[in-house]
Structure formats: structure tokens, C-alpha cells
Amino acid sequence: MNERLVIIPTYNEKENIERIIRHVFSLSPGFDVLVIEDHSPDGTALIVRGLQREFPGLFMIEREGKLGLGTAYITGFKWALERGYAYIFEMDADFSHDPNDLKRLYEACAEGRGDVVIGSRYVTGVNVVNWPMSRVLISYFASRYVRLVTGMKVHDATAGFVCYARAVLEKIDLDRVRFKGYAFQIEMKFTAWRLGFRLKEVPIIFTDRTMGTSKMSGGIFNEALWGVITMKLRGVRPRG
């Protein structure tokens with residue numbers, strides 16, 4: 001069995017899903033792919049089912065509705081742990097994350113440079129393409145805010161392109177992870193850091209989607225803004 005699994009949540013990604021899956025499976029070393037599909041009305045699941053006949057390492061969990069990014073990844077993490085994967089990745093379906101960078105994240109983790117390896121937009125400046133300046137500023141200063149409140153020395157706390165070593169997800173009590181949107185990404189990094197795991201940022205270039213519709217909303221940023229404070233006050237508990 002492959003030791004590397006890429007988790008890709010989807011909702012209405014018919015324009016991107018086949019291309020992103022084919023790209024991931026073209027990489028060496030190889031990666032398995034788990035799609036967490038939230039009942040997309042555009043037929044995303046049908047495309048994935050068709051590709052499963054071609055790629056034995058392609059898996060899909062279909063959920064009953066749009067249940068949130070955080071719960072999608074928690075579902076995927078539990079599935080991956082049950083099946084013995086050693087390296088578990090988060091990645092978007094829309095090519096905002098370059099699949100070729102999966103290898104760089106994996107190498108950093110496998111070589112022991114970090115237990116949580118983050119594809120970072122801000123560790124070497126601002127490496128974002130096709131975002132309006134207002135969104136760049138919100139995202140950049142959100143990460144600065146997280147650093148200030150938590151003390152966590154991460155430049156891109158809301159990054160969604162991440163490689164986790166298995167030991168990290170085994171230690172975190174996944175049933176206690178609270179947030180669903182951007183704050184989910186912050187909470188996972190903060191929890192791992194508080195538990196003593198090493199966070200490593202690898203610079204990437206983030207390119208906004210050219211096909212499909214963004215899932216960003218003001219509510220997601222509000223959750224991150226207030227969630228950071230409540231998250232720190234709640235503290236962190238490892239898996240029992």
C-alpha cells in the first residue's frame with residue numbers, strides 16, 4: 001500500500017477534479033487520493049467514480065451535504081489513520097495549490113525537517129497570484145494576528161496545503177477539533193504545536209482558481225478572527 005495520501009474536499013468542482021486527480025497520479029513518488037465529496041449538484045462525484053476504474057489508489061467518501069471544510073478533513077484523517085498511511089496531505093481541488101509541490105512537502109516531512117509541513121504563501125514574502133489586494137491583506141494580516149495571539153511562529157497559519165506525519169494525527173484528539181473554516185487550519189497547527197510537534201514552512205506560490213467558484217465567505221474570516229482567542233483559552237488536549 002502507498003504510504004502517502006492526499007485528501008481533497010470537493011463541492012462543485014467538475015471543472016477541476018479530473019485534471020487535479022490525473023496530475024497527482026502522474027507524480028513520482030506516488031500518492032493515493034481520497035476525495036471527500038459533499039453531494040455536489042454539478043456531478044463531481046460521477047467524474048470521480050469514473051476515474052476510480054482507472055486509478056486503484058483513488059478513493060471517495062460521499063457525504064449528504066455541504067458540511068464544512070474542517071469536518072471533511074477530520075473524516076479523511078480518521079480514514080487515513082485506520083488504513084495505516086504514514087503521511088497525510090491536505091490540498092485544494094482548484095489548482096490554487098500546485099500538485100508538484102506535494103513532493104517538496106513530503107520530502108521535508110520524511111527527512112525529519114518538520115512533523116507538520118506547511119505550504120506557505122508568506123514565509124518568503126507574499127507569494128499569491130490573482131487575488132485582489134484586499135484579500136491578500138486580509139489573509140496576510142490574519143496570519144500576523146494569529147502569531148501575535150498564540151505565540152506560534154508560523155507565517156501562514158491559515159494555509160490549507162499541509163503534510164501531516166501520522167504521529168501528529170494520532171496524538172490530536174480529532175473529535176475535539178471545533179472549527180470548520182479557516183479557523184480549522186489554525187486550530188490544527190496550534191494544537192500540533194502545543195503538543196510539541198515541529199512545524200516547518202516550505203515556500204509555495206499560491207494561484208487563485210481560474211475555473212469554478214470560490215467557497216470563501218465573510219463568515220469564514222469571522223470564525224478565524226474570534227476563534228483564535230477562544231481556541232487559546234480552551235487549551236489543547238491530546239487523544240486519550
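Values computed for the structure shown
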quantity: Odd one out for residue 51 among (1) more than 21 Å from residue 164 (Cβ to Cβ); (2) part of a loop (DSSP other than H, G, I, E, B); (3) in contact (Cβ under 8 Å) with a residue 24 or more places away in the chain; calculated: (2)
quantity: Tabulated pairs, segment 1-28, first farther than 14 Å from residue 59 by Cβ and touching a residue at least 60 places away in the same chain (Cβ under 8 Å), second in a strand (DSSP E or B) and hydroxyl-bearing (Ser, Thr, Tyr), C-beta under 7 angstrom, 6+ apart or interchain; calculated: 3/87
quantity: Of all residues making up segment 196-240, the number that are of a type in the set (Phe, Trp, Tyr) and either at pLDDT below 65 or assigned to a loop (DSSP other than H, G, I, E, B) (or both); calculated: 2
quantity: Restricting segment 1-35 to residues that are in contact with a Ser or Thr (Cβ under 6 Å, 6 or more places away or on another chain) and either part of a strand (DSSP E or B) or not basic (Lys, Arg) (or both), the residue that is nearest to residue 84 (Cα to Cα); calculated: 35
quantity: Residue in segment 184-195 that is over 21 Å from residue 207 (Cβ atoms), touching a helix residue (DSSP H, G or I) at 6+ places or on another chain (Cβ under 9 Å) and outside any helix (DSSP H, G or I) present; calculated: yes
quantity: Pairs with Cβ under 6 Å, 6+ apart, first in segment 72-89 and without any contact (Cβ under 8 Å) to a residue 40 or more places away in the chain and more than 8 Å from residue 5 (Cβ to Cβ), second surrounded by 21 or more Cβ atoms within 10 Å (Cβ to Cβ) and among the β-branched types (Val, Ile, Thr); calculated: 75/36
quantity: Residue satisfying all of: in segment 113-167; of a type in the set (Phe, Trp, Tyr) and under 16 Å from residue 192 (Cβ atoms); surrounded by the most Cβ atoms within 10 Å (Cβ to Cβ) among these; calculated: 164
quantity: Restricting segment 81-121 to residues that are part of a helix (DSSP H, G or I) and touching a helix residue (DSSP H, G or I) at 6+ places or on another chain (Cβ under 9 Å), the residue that is nearest to residue 44 (Cα to Cα); calculated: 99
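The values are calculated or read from the model by the stated rules, or taken from the named source; none is laboratory data. Treat the numbers as computed from the prediction; the structure is a model and nothing was measured. Heads up, the Cβs are rebuilt from the backbone with ideal geometry, glycines too, and the neighbour counts pull from every protein chain shown.
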